[in-house]
1. At 0.36 nm per residue, and after removing the present C-alpha to C-alpha distance, how many nm does the segment from R76 to N338 gain when stretched out fully?
2. Using θ = phi - 60° and the Karplus relation 6.51 cos²θ - 1.76 cosθ + 1.60, list the HN-Hα couplings for segment 83-100 in order, rounded to whole Hz, with x at every Gly or Pro.
3. ³J(HN,Hα) across segment 112-128 via Karplus (A = 6.51, B = -1.76, C = 1.60, θ = phi - 60°), whole Hz, x for Gly/Pro?
4. For a quick check: with amide H placed at 1.01 Å from N, whose amide H comes under 5 Å from L75's, ignoring anything fewer than 5 positions away on the same chain?
5. Once you have the alpha carbon radius of gyration of segment 28-170, what is it after dividing by 2.2 N^0.38 Å, with N set to its residue count?
6. I want the local charge near S288. Using Cβ-Cβ distances under 12 Å, sum +1 for each Lys or Arg and -1 for each Asp or Glu among the other residues.
7. Expressed as a rounded percentage, what relative contact order does segment 244-383 have, with Cα pairs under 8 Å and six or more residues apart?
8. Determine the shape class of segment 229-289: with a ≥ b ≥ c the square roots of the Cα gyration tensor eigenvalues, call it rounded for a/c under 1.5, and otherwise prolate if a/b is greater than b/c, oblate otherwise.
Amino acid sequence: MQGSGRFGFVLLMLACLLALIAPANASTLAASEYKMAGDATRMRVVVQFDREPEMRWFLLRGPNRLVIDLPETDLRSDGRDLKGRGLISSVRFGGVGNGRSRLILTAKGPFSVERIDVIANEDAKGFRLIADITASSDREFEQALADQAQTTGSTVSTRKTDRVGQTFDLVKRPFTVVLDPGHGGIDGGAEGINGAVEKEITLAFARELKESLEKAGPFRVFLTRDNDAFLRLDERVRIARQHEADLLISIHADTIRLKGIRGATVYTVSDRASDAEAAALAVRENLSDQLAGIEIEEDNHEVSDILVDLIRRETHSFSIQFARSLIGQLSTSVELINNPHREAGFRVLKAPDVPSVLVELGYLSNEKDEAQLRDPDWRGKAAERIAAAVADFASQKARVGG
Ligand code: ZN
């Protein structure tokens, strides 16, 4: 017994020594490139390998992480590529002993793994690992962790149909509204002729609207920001998805060149703007990110997936339904612009699975509108009307079985 134990020990020591002495040898994989692209709502990670890597992945919480285990890999990448951005706040890569290497992607919040694959390069030698992750809710992340615990290998990815939108009626929970006070921090938004600042008005209004909503129904209400912080547009969308919002209302009060124009407008998203002013406004609002020196990566990796397309279309019709009911409610006590429902390509309204509208409460370029926006009584009235529209929308959705 003792003899064989000692023999085993010697073997183990020998193995350890060999492992120490062995240089980065032929069995070490070479990863020649690490690339990451996307924003706070979705990211793609691509790693290039000289040979086919055998990989295994799993999720960890606190913070939300995707861990990818690989054979010992020598990653040649300058640190810039590994700097966190978008949905991924940090990237770590290194050896974990026993001839293994590990890639840890830490996310800003819960996410879903849409896809994780190793595929052969079509027009070059080698293989690439592709991981697509999208911002999701805590509940979806927990569900993925539970699924992972059941599939011990954990290399089995969750089916696509388990994700976006599908889980809607699994859990009964109160109707959830995310209010998004426009602008903030370095991005002050528009300025009124008598000095009102858009970012302050939108925040004050969002707080009041939260109160009105909490009185109007058993709603869960969140604000994307509750202070004077700068927030990227895609971060606002991510927060809505994190809370599994049933509705996102982005709040603004902009200016327009024609000082006579006044009244509220409700916008929904569309690739084609309803009119020139709506198009110009969307361009201005979308510039917000650039104030903070953020380079905007164009949405070149929008998923063309039939399921996601269907969900997007359904979401869009819900957004329009809410916009109409909102205009109906507002018209009873708030001045509206001509054609008060307009459309344009607002980035903040682009969550595929969250019905979203942007409300311009009025124009800070108009003296009367500006005075109203500064008047808590007027704001209270407007908030009450919006809360009534939300209550209508929530009860309609409940009836449809959503
Ligand atoms: Zn604005």
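1. Length gained between R76 and N338: 88.5 nm.
2. Calculated HN-Hα couplings, in order: 6, x, 6, x, 5, 9, 8, 7, 10, 10, 9, x, x, 10, x, 6, x, 10 Hz.
3. Those phi angles translate into 10, 8, 6, 6, 8, 8, 10, 9, 6, 5, 7, 10, 8, 6, x, 10, 10 Hz.
4. Amide H to amide H, under 5 Å and 5 or more residues apart or across chains, L75 pairs with A31.
5. After normalising by residue count via 2.2 N^0.38 Å, the value is 1.03.
6. Computed value for this residue: -3.
7. 53 percent
8. Prolate is the answer for segment 229-289, as a/c is 1.5 or above and a/b outweighs b/c.
The values are calculated or read from the model by the stated rules, or taken from the named source; none is laboratory data. Nothing here was measured: the structure is a model prediction, and the numbers come from that model. Every residue, glycine among them, receives a Cβ derived from its backbone with ideal geometry; neighbour counts consider all protein chains shown. Surface areas here come from the heavy atoms of the whole protein model, side chains and all, with no ligands, DNA or RNA. Shrake-Rupley method; radii C 1.70, N 1.55, O 1.52, S 1.80 Å.
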